[in-house]
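Some notes on the structure that comes next.
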Amino acid sequence: MTHKKVVLAYSGGLDTACILKTLIQQGHEVVAYVANVGQLEDFDDIERRARATGASEVFVEDLQHEFVTDFIWPAIAGKAVYEHRYLLGTALARPVIAKRHVEIARKVGATAVAHGATGKGNDQVRFELAFAALAPDLEIIAPWKDPDFLARFQGRRDLLAFAAEHDIPVEATAEKPYSSDENVMHRSYEAGLLEDPDATAPEDMYKLTRALKDTPDEPERIVIRFKDAMPTGVEHLGDGTRIEDPVDLLTYLNDLGGRHGIGRIDIVENRFVGIKSRGVYETPGGTILHAALRDLEGIAMDREVRRLRDMLSPRFAEIIYNGFWFSPEMDFIEAAFRKSSELIDGEVRLSLFKGNVIVEGRSSPSSLYDADMSSMDVAGGYDQEDARGFIRINAIRLTAHRLILEQSEDD
């Protein structure tokens, strides 16, 4: 066996801890890479455990700012909603994680990258497509698709026994009733008891959002400001709180939205690999931002531009979900969406209450709304007599269609 220098995406969980050890047993030098995308973890402890297991180096990378500004904000601007409901919190985190993974591999002179994603899920596709696009020369080691590894570890019990045998420090020792993933965008839950699509998710599972019965009986009012469709600030109209830093802004909206039960969904979705999967998601801040920006677009985005953007948005969401962030089609759509986002400036006033994001008003320095022209009382620059010709032209095809139907019935 050729001994390699490998950079492993390491979370400190049972799977990646055992993978780290098995790679070392195979004679490889393993560098552990820990990505901080906003999950609530003790990163000092994770680093300690990685070193105790045998990692030659440990990189703990805070990717939150880049994640928010370069991935989450553009996704919200582009109306990226997978299958009409999922706001793509997990899918959006994968390209930023993979990008830094490759950068570290280059930095340390590694010849391979490794991950602990399973062979049934979406993440294996997202990571490996990103590696192929960014560093096709690097070998990809994916133990959960390796026959020898699968034969050795047929379940959680085998992993726990291996960890105990080799004194591997792991955080969890008992099997969880479901798996979860967390970042600054959202928290997701799947597998375990959630594999039954008809089983109600337990209330104590949710970590970011309150049940509606436990939310405040009074709404909270905020203003969100945008520049070129990107959030630039939030202001609480009750206590005067103002936040502009992107990560702090999203975190603050998560807290506010969660307090009011905003952003929960429970869906069955189509994985890229062809398997249906039930997912439960909490995305309070993202839900608020989507609602606010969609409203601002109503006043500031040209009708035909918005129509074209909306035609591309489902495809945009699929590209993100399926792992093609670093692709020619993504380059094309991103360029188009950057253009569509120009001058989508202004602010939206919102009320948060009992799971709802209620728009109370909006204003924009680049507004396309003309109050005089829209008024039924003021003519403005609109000549109502012109409507006769407009209606006649649009009625031609309707009249022709009716005549054809009548002729067909007579025949």
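The values are calculated or read from the model by the stated rules, or taken from the named source; none is laboratory data. In this text the structure is predicted, and so the values were computed from the model without any measurement. FYI the Cβ positions are ideal-geometry reconstructions off the backbone, even for glycines, and counts take in every protein chain you see. Side chains are part of the model used for accessible areas, which takes the heavy atoms of the whole protein and leaves out ligands, DNA and RNA. Shrake-Rupley method; radii C 1.70, N 1.55, O 1.52, S 1.80 Å.
See the values below:
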item	result
Protection-proxy order for peptides 284-294, 39-49, 262-272, each taking the mean of Cβ atoms within 10 Å per residue, highest first	284-294, 262-272, 39-49
Candidates R259, R388, R221, ranked by Gaussian network fluctuation over the chain, Cα under 10 Å, top entry	R388
Per residue Cα convex hull volume in Å³ - calculated over region 210-290	105 Å³
Efficiency of FRET between T200 and D386 - r from beta-carbon atoms, R0 56 angstrom, step 0.05	0.45
Choice from L20, L150, L350 showing the highest fluctuation, given a GNM over the chain with Cα pairs closer than 10 Å	L150
Surface accessible to a 1.4 Å probe, per residue, for the residues of region 168-315, Å²	48 Å²
With every protein chain in place, region 33-138: carbon and sulfur % of accessible area (1.4 Å)	49 percent
Signed unit charges on C-beta, dipole axis of region 301-371, positive-most listed residue V359, F324, S340	V359
Residue-by-residue Karplus 3J(HN,Hα) for region 91-107, coefficients 6.51, -1.76, 1.60, Hz, glycine and proline x	4, 5, 6, 5, x, 5, 5, 5, 4, 5, 4, 5, 4, 5, 4, 5, 5
Net length gained if the chain between T232 and D302 were fully extended (0.36 nm per residue, minus Cα distance)	23.0 nm
Modelled FRET efficiency - R0 35 Å, D62 with M311, Cβ distances, 0.05 increments	0.45
Cβ charges +1 (Lys, Arg) and -1 (Asp, Glu), total dipole of the chain, debye	740 debye
Accessible-area composition of region 153-296, carbon plus sulfur, in percent [1.4 Å probe]	46 percent
Structure-derived percent of Cα pairs over 29 Å apart - corresponding label in (1) 53; (2) 43; (3) 60	(1)
Shape call, region 147-260: gyration tensor on alpha carbons, a/c limit 1.5	prolate
Label-point separation, D411 to K276 (7 Å along Cα→Cβ), nm	4.3 nm
For region 63-198, fraction of C-alpha pairs farther apart than 20 Å, in %	59 percent
Highest-MSF residue in the chain out of G274, G233, G116 [GNM, Cα springs under 10 Å]	G274
